[in-house]
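The values are calculated or read from the model by the stated rules, or taken from the named source; none is laboratory data. Predicted model, so just to flag it, every value in this text is computed and none were measured. Positions of Cβ are generated from backbone atoms using ideal geometry, with glycine treated the same way; all protein chains shown enter the neighbour counts.
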Amino acid sequence: MPATEAVAAPRRLEWLTATVTDVIVETPRVKSLVQDVPRWPGHRPGQHVDVRLTGEDGYQAQRSYSIASAPEAAHLTLTVERIEEGEVSPYLAGEVRPGDQFELRGPIGGYFVWTVAAQGPLFLIAGGSGIVPLMAMLRHRAAASVAVPARLIYSSRTFGDIIYRDELDRLMARRDGLEIVHTLTRSQPAGWSGGMRRIDREMVASAGFPSSQRPRTFICGPTQLVEYAASTLQELGHEASLIKTERFGPTGGVG
């Protein structure tokens, strides 16, 4: 590199004030918070933010949450699952109302990201609230109006626990190359035609892309699911370098 070529310094993250403009009930335990964040620098699908709450006594609690909105969206959206023993999620997913404010900083992360520039195919595997960063990718794909082949396997406990259920149906109804396989692990409604078990080797092999197509794969959810799916894909011949994983911790934030 020539001595005269400058190297850009990493952008220093600063705490910004987010104002909630809407609260969307996704499931009995999950809510999406739509926010106005002045001076938000933009993000890439798959990144996350740190959220900081400060109590009246000055006590602060901080957790990380994946960004659910596409970069093209007018507002930033976080989707939060309420964890009863958590310090942050009970407030965000239970008490926040439009007009409330809290601090956040980001975007954070450059490993677990996908944009349409990367082409495809795009293979997504999610468990529970692990769908959140993957939804940002699907929303970005739809906003860009591209037909990159994409497939999602999404494991939920029950039908009522499927986050973004109606929107996922609408995205698949566009018939633009997106296929979605749902599987319910605890109970299924009458007439259910989807999966009725945990994600397993047969499901990954049949619902995914063959390794010869070199799909970009993103897996997010509980640690056991993530490790199983990643190792299964490698056993099926997929390149480890094309498999990106993210685990969610017990607080409901990014692990």
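The table below lists the values:
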| item | result |
| --- | --- |
| Elements of type strands (runs of 3 or more DSSP E) in the range 168-255, at least 2 residues being without any contact (Cβ under 8 Å) to a residue 60 or more places away in the chain and surrounded by 15 or more Cβ atoms within 10 Å (Cβ to Cβ) | 178-184, 243-247 |
| Subset of the range 16-59 [polar (S, T, N, Q) and modelled with pLDDT under 95] | 54 |
| Residues that are part of a loop (DSSP other than H, G, I, E, B) and either aromatic (Phe, Trp, Tyr) or over 18 Å from the mean Cα position of the chain (by Cα) (or both), drawn from the range 89-102 | 94, 95, 96, 97, 98, 99, 100 |
| Matching residues in the range 115-143 - criterion: being in contact with a Pro (Cβ under 6 Å, 6 or more places away or on another chain) and either without any contact (Cβ under 8 Å) to a residue 60 or more places away in the chain or buried (at least 24 other Cβ atoms within 10 Å of the Cβ) (or both) | 123, 127, 136, 137 |
| Test: residue in the range 157-164 that is among the hydroxyl-bearing types (Ser, Thr, Tyr) and touching an Asp or Glu at 6+ places or on another chain (Cβ under 8 Å) | yes |
| Members of the range 49-87 found to be hydroxyl-bearing (Ser, Thr, Tyr) and either assigned to a strand (DSSP E or B) or surrounded by fewer than 20 Cβ atoms within 10 Å (Cβ to Cβ) (or both), listed by number | 54, 59, 64, 65, 66, 77, 79 |
